[in-house]
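A short reminder: the numbers here are calculations on the coordinates, not readings from a lab. Every value quoted in this text rests on a predicted model; they were computed, and no experiment measured them. Here Cβ is always computed from backbone atoms with ideal geometry, including for glycine, and neighbour counts include all displayed protein chains.
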Amino acid sequence: MPGDDGDRMISAASRAGVLAVMVVMFAFPSISRAGCGGVETAQAATHLPGQLAPLAIGDSTMLLSLPGLAADGYDANAHGCRQFSEALALLSQLRARGALPHMVTIALGANGDITASDIDQALQILCCNRLLVLVTPRQLGGSSGENAALEHAEARRHPGQILLLDWVSASAGHGDWFQPDGLHLTLPGVHAFTDLLARALPYAYLPCPPVKRSERAHALDATPAISIDTTLAHVGYIGVSIAGPPGVQVQLSEQVGGSTVPIEVVQLINGTAEVPHALPWLCDRRTRELVASALPPALPEQVTATVLTPTCTRRPATSIGRRVQVGHSAKVAVRDRWGIGGMPFDVCVTAPGARRACRRKQLPAGTRRLVIRVPMPRPGGWRITVRTAYGYNATRLVWASHRNGRIRLLAAGDSEMQILDTFLGQDLQPYGVDVTSDARISTGLTNSFFFNWQTHAREDAAGLRPDVTVIFMGANDGFSVAGPHGHPVGCCGPAWSAGYANLVAQMMTTFLRGTRGRVYWFLLPAPRPANFQQVFDGVNSGIRQAAARFPGRVGLIDANAFYTPHNRYRDYMTYHGQGFVIHEPDGVHLSTASDRIAATLVLHRLLSDHVIR
């Protein structure tokens, strides 16, 4: 429309909606409009095959630009008096029909307020990889206003999702581009407006096609390439250096599988940006791929860099003390050589004679050092291991001892413990073990009417406080025991063995003294008298059942397998090249030679269990 016709037909006092109708009427004489008029559209002259053309949505200020926008490659849609809510409704309809393009340009704001919620709704409709282009609106009279300020803020809040075209700044000082209301365009303004919207076209398709330098006056210069370099100079972190055109904003991300995980947005002040702690080193994923992507309004540009971080095999450093006083705790200090924390590891503890028990620990993020305390309630060698899933393994045998360095051992039982207890005292004395004997002839657990071992055991445990208790008894048992319902059960079937196991377990519990003691219990070797065989079998079954309740706390000395393999009685055997008679003439008690070797069995077991050294 020539400028003098516009001056003749439009007055400065006219409202924006009325002006829109008048401009359209004079620009398109064959069309008559009432009020705000109808929707005018123009289809893109060209677009990328297989993809939808970008969409431009505007109000009456866009009407005269429809032909130029279509020629540039936009599908354009303009409606006088249009507010942002109408644009949201249009976008929702297009999405429902599957006709929503990759890029939508919205030039609204002259006919009502725009809110942050409006922008959020637009982004939700365009979710998740589409681009919203906002054209800042001039207010009536040509000034900037709250709507333009809001769009600036929202573009900063959503980098990479919103491209801002600042029509307010681009048109400042160009009064000849506008009708007297400062909003609607003259022909020079139409050309300028169309040129501005053409700047977004390089982003119109996914993926964005390469942009060639154009001969048109509105074309942008080709953006120089950005570059990315990585460094491992800061221990524990991947550092990133990005270079490119000064002022360009760059989204730094990490490529993880098929996903891109954002790290942060940086601006290339003076053409460079440094991110010294872009990513922490990881143990489970050492090869890392970083991606730097130029953000609008810069032309599309993306570069990658791959870096291999150090192995985690030597990441931890562990300090474990060698000696601890019984009742105190060993200190296990684990330090992260990388200094970033967040490091998982296992602390495994093998108590003397016990099974290994492991617990997962984690060095909290940002923590360099963690101290774990391992209680050591009884003497002996405690093996402590710190390990990771990535090959690190540090082990130390920590010895816990009493202040005087001695170990208290109680040798208790019936007549089978006599003589054996003497050999135990002789063999163990050089190892710092003080042996106390408590052998009671003709006693057992089932004849408490004669001697009550349960009561006596509690007295021994409280008075002697044995660190280790070795028990050899059972030949005098065979009396009735309490069954499952408290009724007496006669010897020596499974029910009797189960009841006997309860008696053994009760005595084991007493001498274990919580976590402060350890118990070794002899299994009975097969006897010669047939009437003893049934009792011994029931006793051994009960002892095994009881010991199974205390894994790692109670050890069995299997005299049955050693002296009478396969539970078959024999008179004679050879040990280390020396032959000897196994039993006394009664065929029940062990001979002195057997007691000598039985003490050796206990010694070897205490050594292998790290109770002594």
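Points to keep in mind about this one:
- Based on DSSP H segments of at least four residues, each scored -39500 (n - 2.57), the chain has a per-residue ellipticity at 222 nm of -8000 deg cm²/dmol.
- Global geometry of the stretch 316-401, whether rounded, prolate or oblate, following the gyration tensor of its Cα atoms and the 1.5 cut on a/c: prolate
- Fully extended contour minus Cα-Cα distance, from Glu264 to His277, at 0.36 nm per residue: 3.6 nm
- Shape of the stretch 227-308 from the C-alpha gyration tensor: oblate (a/c of 1.5 or more and a/b not above b/c, with a ≥ b ≥ c the square roots of its eigenvalues).
- Bridges between two residues of the chain, per DSSP, are antiparallel at a rate of about 65%.
- Using C-alpha pairs under 8 Å with a sequence gap of at least 6, the mean separation divided by the residue count of the chain gives a relative contact order of 7 percent.
- Candidate values (1) 52, 34, 25; (2) 42, 28, 22; (3) 95, 26, 19, label of the one derived for semi-axes √(5λ) of the Cα gyration tensor in Å: (3)
- Put in order of Cβ neighbour count within 10 Å, fewest first, the listed residues His456, His79 become His456, His79.
- Highest to lowest packing among 36-42, 405-411, scored as the average C-beta count within 10 Å: 405-411, 36-42
- Oblate is the label for the stretch 459-580, because a/c, from the alpha-carbon gyration tensor with a ≥ b ≥ c as root eigenvalues, is 1.5 or above and a/b does not exceed b/c.
- Gain in span if fully extended, Ser92 to His485, counting 0.36 nm per residue against the direct Cα distance: 133.9 nm
- As a calculated quantity, the FRET efficiency between Thr574 and Gln534 at R0 = 25 Å, using C-beta atoms, amounts to about 0.30.
- Mean Cβ neighbour count within 10 Å, used as a protection proxy, ranking 583-595, 517-529 highest first: 517-529, 583-595
- Gain on full extension, evaluated as 0.36 nm per residue between Ser227 and Ala561 minus their Cα-Cα distance, stands at 112.7 nm.
- Taking amide H as placed 1.01 Å from N in the peptide plane, Leu131 has its amide H under 5 Å from the amide H of Met103, Val104, each at least 5 places away in sequence or on another chain.
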